[in-house]
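**Student:** Sharing a structure, written as structure tokens. Questions coming.
The values are calculated or read from the model by the stated rules, or taken from the named source; none is laboratory data. Computed from a predicted model, the values in this text were never measured in an experiment. Positions of Cβ are backbone-derived with ideal geometry, glycine not excepted, and every protein chain shown enters the neighbour counts. These accessible areas exclude ligands, DNA and RNA; they are computed on the full protein's heavy atoms, side chains included. Shrake-Rupley method; radii C 1.70, N 1.55, O 1.52, S 1.80 Å.
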Amino acid sequence: MPAHRHLVPARANRGHLKLTESELRHWGTELGRSSAPPLIVTLTGELGVGKTTLAQAICQGYGVEDEITSPTYALIHEYSAPKSAVFHIDLYRLDSPDQLTNIGWDEIVLSRSLIIVEWPERAGGRLPDDHLPIDLDYVPDDPIRRILLAG
């Protein structure tokens, strides 16, 4: 598979930002707008930290017009966008990387699409090395901001 071209907004290239929810949405929208397929974006962080919020913003910036919802129970939501299909995948409910075969992981990864993966650590060694990692975390003593680590 060809290497992905990581188009991270300049202010966040290998950056560490503290963002409110509206700033996180703006950042994600700009990332989606500047992204080109094929690209795999992984979102890591605790429950409730904002992974789905960021995924929604990336999808909106990329051009998805449908309502973007959490794929926690469905595992995968596929959306249409002008540049390519978008796969929003939530691996939280998987017990092992072996279960990726059952959801069509290999085909999705090779599809030349935008792929957003929540809980990527559950993919183990089946996650391609050439992905754009984004980590979200809580800011101690600041309930309205999140720490974003990109690149």
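**Student:** For the stretch 104-121, enumerate the residues that are over 18 Å from residue 38 (Cβ atoms) and out of contact with any helix residue (DSSP H, G or I) (no Cβ under 6 Å at 6 or more places or on another chain).
**Tutor:** 119, 121
**Student:** Of all residues in the stretch 35-54, which are assigned to a strand (DSSP E or B) and among the hydrophobic types (A, V, I, L, M, F, W, C)?
**Tutor:** Passing the criteria: 39, 40, 41, 43.
**Student:** Let me ask another. Scan the stretch 32-42 and give yes if some residue there is closer than 19 Å to residue 119 by Cα, surrounded by fewer than 16 Cβ atoms within 10 Å (Cβ to Cβ) and either modelled with pLDDT under 95 or touching a Cys at 6+ places or on another chain (Cβ under 9 Å) (or both), otherwise no.
**Tutor:** no
**Student:** Give the residue that is nearest to residue 80 (Cα to Cα), with candidates limited to residues of the stretch 14-31 that are open to solvent by 70 Å² or more (accessible area, probe 1.4 Å) and in contact (Cβ under 8 Å) with a residue 60 or more places away in the chain.
**Tutor:** At the first step, the residues of the stretch 14-31 found to be open to solvent by 70 Å² or more (accessible area, probe 1.4 Å) are 14, 16, 18, 21-23, 25-26.
With in contact (Cβ under 8 Å) with a residue 60 or more places away in the chain added as a condition, the list becomes 14, 16, 18, 21.
Details: 14: 29, 16: 31, 18: 31, 21: 25 Å.
My answer is 21.
**Student:** With (1) under 28 Å from residue 19 (Cα atoms); (2) touching a residue at least 12 places away in the same chain (Cβ under 8 Å); (3) open to solvent by 20 Å² or more (accessible area, probe 1.4 Å) as the list, and residue 47 as the residue in question, which single condition is left unmet?
**Tutor:** The failed condition is (2).
**Student:** Kindly indicate whether residue 58 is surrounded by 21 or more Cβ atoms within 10 Å (Cβ to Cβ), in contact with a Gly (Cβ under 9 Å, 6 or more places away or on another chain) and of a type in the set (Val, Ile, Thr). Step through it out loud before you land on a result.
**Tutor:** Values: surrounded by 21 or more Cβ atoms within 10 Å (Cβ to Cβ): yes; in contact with a Gly (Cβ under 9 Å, 6 or more places away or on another chain): yes; of a type in the set (Val, Ile, Thr): yes.
Yes, satisfied.
**Student:** Let me ask another. Only strands (runs of 3 or more DSSP E) wholly contained in the stretch 64-134 count here; list those with 2 or more residues that are open to solvent by 10 Å² or more (accessible area, probe 1.4 Å). Walk me through how you get there before you give the answer.
**Tutor:** On the way: elements: 76-80, 85-90, 114-118.
Qualifying strands (runs of 3 or more DSSP E): 76-80, 85-90.
**Student:** Residue check, residue 147 against (1) on the phi > 0 side of the Ramachandran plot; (2) in contact with an Asp or Glu (Cβ under 8 Å, 6 or more places away or on another chain), all met but one. Which one?
**Tutor:** Here residue 147 meets the rest and fails (1).
**Student:** Can you confirm whether the stretch 91-99 contains a residue that is in contact (Cβ under 8 Å) with a residue 24 or more places away in the chain, closer than 21 Å to residue 33 by Cβ and not small (Gly, Ala, Ser)?
**Tutor:** No, the conditions are met nowhere in the stretch 91-99.
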